[in-house]
Amino acid sequence: MTAPEYSHIVTLAEAGQGRTVAIEADETARAAIARRLALVALDRFAVTAEVRSIAGGIAATGTIDAKVVQSCAATGLPVPATLHEPFDLRFLRDASPAGSGEEEVEISDADCDILPLEGERIDLGEAAVQTLSLALDPFPRHPDADRILAEKGVLSEDQAGPFAALAKLRGQGQS
């Protein structure tokens, strides 16, 4: 297993009754995170969290602030975005990794933010990078994408779809 691009370890003893953790990635870490997440750039990546010991593990609640630049899914043009993403994570000793058993298990939304506690510590930095990856727009679109594509002769979905063909046929029958 490779080392995470951005790591900040918090132990169960450090979490104790609660403490605030504020971390910000330097240029080298931001470049590595950008490569991992296929970003054009990651100009800021900061995490503020309250960590505390809970029964069976550690709770981490806070926010991620990031300035990202993604590639437009249609044109490849840069699409900048500012993200302010809250998180509420539980790292528990008895949380088993997904896919560890044979049986199917249904989970609720509340269960989705439960992660296994590794030893007596968590990697808040890696958890923050994973949270950022989930917060990114899966299909970023540049504001000028439709115009640029039209200039290149690419039809929009409305122009090329099945209903456009039906509208053309309907228009021919009325002449």
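None of the figures in this text is laboratory data; all of them are computed from the coordinates on show. What you are looking at is a predicted structure, and each value in this text was computed from that prediction instead of being measured. Using ideal geometry, Cβ is built from the backbone for each residue, glycine included, and neighbour counts are taken over all protein chains shown.
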About its Cα centre, the range 1-98 carries a charge dipole, from +1 on Lys and Arg Cβ atoms and -1 on Asp and Glu Cβ atoms, whose size in debye to the nearest 20 is 140 debye
The summed charge of the residue 9 Cβ neighbourhood (under 13 Å; Lys/Arg +1, Asp/Glu -1) stands at -4
For the range 9-141, the Debye formula with one identical point scatterer on each Cα and no solvent gives log10 I(q)/I(0) at q = 0.15, 0.20 Å⁻¹ as -0.79, -1.13
Around residue 65 (Cβ within 13 Å, Cβ-to-Cβ, excluding residue 65; K/R +1, D/E -1) the net charge comes to 0
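Please give me the summed charge of the neighbours of residue 54: other residues whose Cβ is under 11 Å from its Cβ, Lys and Arg +1, Asp and Glu -1.
Values: positive: 52, 90, 93; negative: none.
Here the charged neighbours net out to +3.
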